[in-house]
Structures are given as structure tokens and as C-alpha cells.
Amino acid sequence: MKTHIKTAAIAIMLCLTGQLFAQRPKEIKNSEVEGLYLSLSDFHNGKLTHPTDMLHVGDKIKLKQFFISPDIISIEQNKETVFYKDSIFAIRLTNGENYRFINRTPCLVADTSYLYIYTNKTTKTEYKQSGRRRVSKVVPITYYYFSTGNHKAVFTLTLANLRKYALSDTLVHKTICDKYTTDEMLYKVNPQTGKFELNETILLIQK
């Protein structure tokens, strides 16, 4: 009897552990970081700061994502340099993607054609009752954010936030509010251009 209980307990623990790791989004590897954009101006001008040349034993960049640390540590020839995530503009990866830290979470800079739009792909657990059992299911979810102007403040991409922070032009405000009636409609990407249709609509109005 004790053996069966012990086996069941181990099975439950393995299941929970599996769910825990399934819910954790894929982390950016430290070795994938090519450099940092220290400011918006650097980002606009393509001025990339290389915190380390990776040519010496022990050279590394530590994003410190597991505990959502506020800083990035660069080690060059045993000398540590600290970059705070909320003070730099973005990091660039070796694959060409740029990520900005929003609430210390790296979010993809997905579109900069008008509004800067950022995405964070992760997962969440949904529960439903199946007879006497409560069944859990891990599903993918994407969070969307935007910034405008000097891009210092970042907001969740919703109709309410767009009206409040981004649609100061009367014609743009009316057109967007008429065309987009749900938050989900704001997330649509034009498959031909890779741009958000929201940005393309705003640019078309302003021509």
C-alpha cells in the first residue's frame, strides 16, 4: 500500500514539474546576444554597443532571466560591467532580432513602421472540469505592447490605451476606432509585409 502511495506521489510530482517547465517561455541564450542599443538614438542610428568581444577566456554576457533580475552583466577580461534593463533601449541577437525589456521581460520589437509594437510569446495553463477530474492544458499566448513619441513609456496594446496615448489626430482617431472594434483586431499582421495592419492603416491615413 505504501509503495503504491509513494509511486503515485512521485508521478504527481513529475507531472507538476513537467507543467512548470512547459509554462516557462523559451529563454534567450546569453551567447545569442550580439550587442546592446543603449538609447533610442543608438537604435535609430544602428549604433550597436558590443559589451564584450568574446575573444578572452571567461568573456560572457549574463542576461540573468531566471529570477527576472534588473540588470545585465557583461564580463570582459574578468572585468564586470553592469547595464540596467530599464535604462538601455534594446538588445540585438545574432539572428537579427531586437528585444526590449518590458517589466524586465524581453519582448520582441516586432514592428517600428509607426507605433513601436512589441510581442511576448509565452504560455498559460487553462483548467476545465471533465467529470470528477479537473483537467489542465498548457496553451500558447502572446502579449502585445506599444510605445510612441520618445518611446520611454510602454503600454499594453488595447483600444483604450491607443485612444488615450496614441490617437491625438482626429482623423486617425476616428478611422482607427471605426475600423478596429476589439483589442484582438489590433494584433493582426499583414502576411505580405510582416507589418501590423494597425500601423499600415495609420500610415495610409497620414499620406
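The values are calculated or read from the model by the stated rules, or taken from the named source; none is laboratory data. Values in this document were obtained by computation on a predicted structure and should not be read as measured data. All Cβ positions, glycine included, derive from the backbone under ideal geometry; neighbour counts span all protein chains shown.
Points worth noting:
- Meets criteria (closer than 23 Å to Glu197 by Cα, polar (S, T, N, Q), surrounded by 16 or more Cβ atoms within 10 Å (Cβ to Cβ) and in contact with a Phe, Trp or Tyr (Cβ under 9 Å, 6 or more places away or on another chain)) for Thr112: yes
- Number of positions in the range 153-188 that are touching a residue at least 40 places away in the same chain (Cβ under 8 Å) and outside any helix (DSSP H, G or I): 3
- Residue check, Leu36 at pLDDT below 65 and closer than 27 Å to Phe101 by Cα: no
- Boolean, Glu200 is more than 18 Å from the chain's Cα centre (by Cα) and among the charged types (D, E, K, R): yes
- Residues of the range 161-186 satisfying the condition of being surrounded by 12 or more Cβ atoms within 10 Å (Cβ to Cβ) and of a type in the set (Asp, Glu): Asp169, Asp183
- Within the range 27-48, the set of residues being within 16 Å of Asp71 (Cα to Cα) and in contact with a strand residue (DSSP E or B) (Cβ under 8 Å, 6 or more places away or on another chain) comprises Ile28, Asn30, Val33, Gly35, Leu36, Tyr37, Leu38.
- Meets criteria (in a loop (DSSP other than H, G, I, E, B) and more than 25 Å from the chain's Cα centre (by Cα)) for Lys128: no
- Hey, Thr142 of a type in the set (Ser, Thr, Tyr), surrounded by 11 or more Cβ atoms within 10 Å (Cβ to Cβ) and touching a residue at least 60 places away in the same chain (Cβ under 8 Å) or not: no
- Hits in the range 41-86 (condition: in contact with a helix residue (DSSP H, G or I) (Cβ under 7 Å, 6 or more places away or on another chain) and charged (D, E, K, R)): Lys60, Lys62
- The residue of the range 32-69 that is surrounded by the most Cβ atoms within 10 Å (Cβ to Cβ), among those that are of a type outside the set (A, V, I, L, M, F, W, C) and touching a residue at least 40 places away in the same chain (Cβ under 8 Å), is Tyr37.
- Evaluated against (1) buried (at least 19 other Cβ atoms within 10 Å of the Cβ); (2) among the hydrophobic types (A, V, I, L, M, F, W, C); (3) not in a strand (DSSP E or B), Ile72 falls short on exactly one condition, (3).
- Of the residues making up the range 140-152, just one is among the hydroxyl-bearing types (Ser, Thr, Tyr) and in a loop (DSSP other than H, G, I, E, B), namely Thr148.
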